[in-house]
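Quick one: the structure is below, and I'll ask about it shortly.
Every number in this text was worked out from the coordinates using simple rules, so none of it is lab data. Because the structure is a prediction, the values reported are computed rather than measured. Cβ atoms come from the backbone with ideal geometry, glycine included; neighbour counts cover every protein chain shown.
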Amino acid sequence: MDYGPAPESTKEALAWLDRHERRFGLFIDNAWSAASDTFASTNPADGVELAQLTQASSQDVDRAVAAARRAQPGWVGLGGHGRARVLYALARLLQKHARLFAVIETLDNGKTIRETRDADLPLAARHFYHHAGWAQLQSEEFADYRAVGVVGQIVPWNFPLLMLAWKIAPALAAGNTVVFKPAEFTSLSALLFAEICQQAGVPAGVVNVVTGDGRVGEAIVNHPGIDKLAFTGSTEVGRLIRKASAGSGKKLSLELGGKSPFIVFEDADLDAAVEGLVDSIWFNQGQVCCAGSRLLVQESIQERFLGKVRARMENLRLGSPLDKSMDVGALVDPVQQQRIHGLVEAARAEGCTIWQPNCEIPSTGSWFLPTLITGASTSAAVAQAEIFGPVLVAMSFRTPAEAIQLANNTVYGLAACVWSESISLALDVAPQIKAGVVWINTANQFDAACGFGGYRESGFGREGGKEGMYEYMTALSEDARPALPVVEAKGALKSSPSSLSSPSSQSSGSGNVFGIDRTAKLYIGGKQARPDGAYSRAIVGADGAFIADVGEGNRKDIRNAVEAAHKASGWAKATAHNRAQVLYYIAENLAIRADEFAARLAAMTGSANPAKEVQASIERLFYYAAWADKYDGLAHQPPMHGITVALNEPVGVIGIICPNEAPLLGFISLVAPALALGNRVIAVPSEAYPLATTDLYQVLDTSDLPGGALNIVTGSADELARTLATHSDVDAVWRHDGSAEGCAEVERLSAESLKRTWVGGAKGRDWYSTRQSGGRAVLAHASQVKNVWIPYGV
């Protein structure tokens, strides 16, 4: 038996195109502009033109942003229930017109009608339903947050409507207005969505759709009227957006490329794993950022499993995407076809084995056969680059440890699959994979209640779930921050003690000709270390008198600190209770020496009440020790037979540039939450007042903090921040010293490795206030959410 043809009717879709005379303008302020400066949108399956679309200009983007800005106060003022009703109406209309959307999507994108009908449309509607609920609950669940404002959203061509739903639904639920740019190749479903916005009663200016090429996206990114950017696409473009938005104050989320591992252990259900592999790599012709394009199979079953894979590939049906019996559709564009072909042929030239099924390819359109590559080295281009096509690269491993090492041998960190009948093994492996999503014994599961997003060069931020809502909101405490760093009141200046009065007395020690050098050193790997450059800097007090010298750290000192931090990986594996105990112990030892620290602060800063800062620092340590074992994840119940566990994982190695105001409290307020959640830290203390931090060395030594968990490098904030931002083994950089230029530089330099940043800009922060310097908003910067999907009973 064989499948007979089962074509989907295009009658309604073509009629919709014809009603618009196959020419589309822009959708701005609830009105359609006349089509102008048009370009063709074609069917990738046969190359036939579908419609002419408008290339938006920078002036069009200006109009769209202005419309969104005008509409935003009214949209917020509508209230959570009012927004929920509109989102609910959009969900209902997506369901009502599901078949029309599915056919338009297939015609425009080339993916099979089975995928658009059975996956994309139901999930798109689900996002609007789910976020209607968040809109309704916003006043309760997000009482301390507000909408960001006007959001610019840019999506790729692989899931045009689904990406629209992922982005527009949470943005609208939170009270934002949107300027949305669909992909140049696949804009039709976004234009159809604009029509149903009119039917659903979306107020004018709340949703604006502008079409065109990368110039339109660039205009959105650079527009000063945009408060938040959300981008899904290639890592290369994401890097450019990070650089372009640096220092602008725009909130940013990036969902970028991937090279996801598909791990099959010897005890796995091999037939089920093969079907999961089909869904993982040949779904949407492999044009999926989280496609399981790297097959890692245990050596003992490698040949048997690959035999099953080849047999299954022989049965994959490639052909007209509108035929309901087809498994593999067309690639989106000939350019994509040529790129995939080039990578595969390069692998062939390197000696890899290329296997493809015997299958006829249609004579017109953009097509590529499902492909299996074996014999590639771990450094080969096909094993490292995101191919974004129906190409699977297979290699073997012997032990679970080797599987984890191979899985993490990539600059990406978006998703992974683990197949094993041993739940103990699977749940041991999943947390060790550096990826934002891990599917156990399943693949490509998505739901609006479960966050999706990556680590490392797969971007940052999450879409879906409660964490996805936070991407479109700003904490009210940020609005309360002072415009400039706060300078504390000074006390009456007193004469410095003779032992601190001059460099000569500091070094000679009561006239002893064999004086001891009291220069404060660096703190690296749990030990005091002299700076590599052998330079030091004098620190003077509030009365201008010399107090002490501190080491001047440099690039090599940061390198040593990063190495020490990576060696301290056991801190991330320590129990939350253990980390809490260490922070409590640091607080206890600081309290014993409170008077000494207060005197040091008074001498450096001239503070009228230094004891207040010391006491606040002790309380802040207790505060984050309390949070250490209470910042729990969540268990979601998506519409599948199983659960999704959202784990709050540490970011990794964080570089922190600390403030000059409240030098001890500011240091503690930034370092403590990072340590509480299992991160390792390289801290650059206040450049002006570092001695309150260097005096902590003995406190740390007596508090059971493992060496390397916290490293302290004194010196120039600008120079050390540059080194941290450009270091590929630093996972995040925080800067809160009030330097607008320095914060912009950190954001710009971090783009090379796409590390996360948290910067304060030129504004100050009330370090005494837990609303501004504590709570979940701070802890979110110190953690990243990993969603582990665990089916059961199947």
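Using just the Cα positions, wrap segment 31-92 in a convex hull and report its mean projected area in square nanometres, one decimal place.
Average projection, Cα convex hull of segment 31-92: 6.6 nm².
Let me ask something additional. Counting only C-alpha contacts under 8 Å and six or more residues apart, can you give the relative contact order of segment 261-453 as a whole percent?
In percent, rounded to a whole number, it is 28.
Convert 10 °C to kelvin, take the viscosity as 1.306 mPa s, use the Kirkwood radius over C-alpha pairs of segment 169-252 as Rh, and evaluate the Stokes-Einstein diffusion coefficient in µm²/s, rounded to a whole number.
It comes out at roughly 114 µm²/s.
Which aspartates and glutamates, if any, have their Cα less than 14 Å from the Cα of LYS527, not counting same-chain residues under 8 positions apart?
Candidates past the 8-residue exclusion: ASP557, GLU563, ASP695, ASP701, ASP704.
So, one more: Please list the non-local residues whose amide H lies under 5 Å from the amide H of ASP29, H modeled 1.01 Å from N, same-chain partners needing a gap of 5 or more.
Distant-sequence amide H within range of ASP29: GLY205.
While we're on this one: Per-residue HN-Hα couplings for segment 473-485, Karplus 6.51 cos²θ - 1.76 cosθ + 1.60 at θ = phi - 60°, whole Hz, x for Gly and Pro?
Running phi through 6.51 cos²θ - 1.76 cosθ + 1.60 with θ = phi - 60° gives 9, 10, 5, 4, 5, 5, 5, 8, 5, x, 5, 9, x Hz.
Less than 14 Å Cβ to Cβ from PHE452, Lys/Arg counted +1 and Asp/Glu -1: what total charge do the surrounding residues give?
0
Give the Kirkwood hydrodynamic radius (Å, one decimal) of segment 593-738, defined as one over the mean of 1/r across all pairs of different Cα atoms.
16.5 Å
Distances longer than 30 Å among the Cα atoms of segment 11-256: what percent of all pairs is that?
So the portion of pairs separated by more than 30 Å is 20 percent.
Counting only other residues whose beta carbon sits under 15 Å from that of GLN302, what net charge do I get with K and R as +1, D and E as -1?
Once all neighbours under 15 Å are counted, the net charge is 0.
May I ask for the equivalent-ellipsoid semi-axes of segment 261-453, computed as the square root of five times each C-alpha gyration tensor eigenvalue and listed largest first in whole Å?
Working through the eigenvalues yields semi-axes of 26, 18, 17 Å.
Can you pull a Stokes-Einstein diffusion coefficient for the chain at 4 °C (1.567 mPa s), Rh from Kirkwood over Cα pairs, as a whole number of µm²/s?
46 µm²/s
Considering only the other residues whose Cβ falls under 13 Å of the Cβ of PRO400, what net charge follows from Lys and Arg at +1 and Asp and Glu at -1?
Summing Lys and Arg as +1 and Asp and Glu as -1 gives -4.
Moving on. Among DSSP bridges having both ends in the chain, what percentage is antiparallel? Round to the nearest 5.
Bridges in the chain are about 40 percent antiparallel.
When the Kirkwood hydrodynamic radius is evaluated over all pairs of different C-alpha atoms of segment 89-221, what value in angstrom, to one decimal, is obtained?
Kirkwood hydrodynamic radius for segment 89-221: 15.1 Å.
Going through segment 367-472, which trypsin sites (Lys or Arg not before Pro) have at most 14 other Cβ atoms within 10 Å and a DSSP loop state?
Within segment 367-472, the qualifying trypsin sites (Lys or Arg not before Pro) (loop, at most 14 other Cβ atoms within 10 Å) are ARG398.
How many percent of all Cα-Cα pairs in segment 260-356 sit more than 20 Å apart?
Above the 20 Å cut-off, segment 260-356 has 45 percent of its Cα pairs.
Would you report the distance distribution of C-alpha pairs in segment 737-781 as whole percents per 10 angstrom bin, up to the bin with the largest distance?
26, 44, 28, 2
Mind sorting TYR584, TYR689 by how few other Cβ atoms lie within 10 Å of their own Cβ, fewest first?
Final ranking by Cβ density, sparse to dense: TYR584, TYR689.
Over the chain, calculate the relative contact order: mean separation of alpha carbon pairs under 8 Å at least 6 apart, over the residue count, as a percent.
Reported as a whole number, the value is 12 percent.
Sticking with this structure for a sec: Quick one: which residues, 5+ away or cross-chain, put their amide H under 5 Å from the amide H of ASP549? H built at 1.01 Å from N.
Sorted by chain and number, the residues that satisfy this are ALA520, ILE539.
Hey, fewest Cβ within 10 Å first, where do HIS781, HIS566 land in order?
The most exposed by this proxy come first: HIS566, HIS781.
Of ASP737, ASP108, ASP479, ASP766, how do they rank once you tally other Cβ atoms within 10 Å and put the fewest first?
Fewest-to-most Cβ neighbours within 10 Å comes out as ASP479, ASP766, ASP737, ASP108.
Applying the Karplus parametrisation 6.51 cos²θ - 1.76 cosθ + 1.60 with θ = phi - 60° to the phi angles of segment 23-38, what ³J(HN,Hα) value in whole Hz is obtained for each residue in order, glycine and proline being reported as x?
9, 10, x, 9, 10, 10, 6, 6, 9, 9, 7, 5, 5, 7, 6, 8
From the cross-link list LYS308/LYS466; LYS11/LYS251; LYS556/LYS755; LYS243/LYS786; LYS96/LYS308, which pairs have alpha carbons spaced over 32 Å apart?
Going by Cα-Cα distance, LYS308/LYS466; LYS11/LYS251; LYS96/LYS308 fall outside the 32 Å limit.
Oh, and also: Under 25 °C and 0.890 mPa s, how fast does segment 680-719 diffuse according to Stokes-Einstein, given a Kirkwood radius computed over C-alpha pairs? Answer in µm²/s, whole number.
227 µm²/s
Need the list of aspartates and glutamates near LYS630 for cross-linking: C-alpha distance under 15 angstrom, and skip anything on the same chain fewer than eight residues off.
Those aspartates and glutamates meeting the cut-off are GLU649.
Also: If you bin the C-alpha pair distances of segment 545-608 every 10 Å from 0, what whole percents do you get?
That works out to 16, 24, 35, 23, 1, in percent per bin.
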